[in-house]
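*Asks:* Shown below is the structure under consideration.
No lab work stands behind these numbers, since they all come straight from the coordinates. What you are looking at is a predicted structure, and each value in this text was computed from that prediction instead of being measured. No Cβ is skipped: glycine too gets one built from the backbone with ideal geometry, and neighbour counts run over all protein chains shown.
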Amino acid sequence: MTTAVLTPTEPLKASDRCDRCGAAAYVRVVLGGGELLFCAHHGKKYQESLSKVAIEIHDFSDKLTQAETKTVAAAEDEH
C-alpha cells in the first residue's frame, strides 16, 4: 500500500509571482520535477488539468478574501 505524504509548505511571499501572468501568486502546484505558481485566476482556470498531474496543490486564495474584508472594515472605520 502506498501512503501519500504531504510536504510542509511555507506561505507564499509577496515576491512570488504567477508563472502565467506575473500577478501575485496564491496557488502553489507541486509537480514531480518542481513547482508552478499561479495567481488565483489562473489557479482556478487550470485547476482541473493541474489536479490530474500535480502531487500537491496549495491554494492560498482565501487570503484574498481576508484582505478584502480587512480593507472594507478599515474603510468603514474611517467614516
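*Asks:* Would you please give the FRET efficiency between Glu10 and Asp59, computed as 1/(1 + (r/R0)^6) with r the Cβ-Cβ distance and R0 = 22 Å, to the nearest 0.05? If you can, show how the numbers build up before the last one.
*Replies:* On the way: r = 15 Å, r/R0 = 0.66.
Plugging the Cβ-Cβ distance into 1/(1 + (r/R0)^6) gives 0.90.
*Asks:* Here's a follow-up. 5 Å is the cut-off here: which amide hydrogens, built 1.01 Å from N in the peptide plane, fall below it relative to Ala23, excluding neighbours closer than 5 in sequence?
*Replies:* HN-HN under 5 Å from Ala23: Cys18.
*Asks:* In whole Hz, what ³J(HN,Hα) sequence does segment 40-57 give by Karplus (6.51, -1.76, 1.60; θ = phi - 60°), x for Gly and Pro?
*Replies:* 4, 4, 6, x, 6, 4, 9, 3, 4, 5, 5, 5, 6, 10, 7, 7, 8, 10
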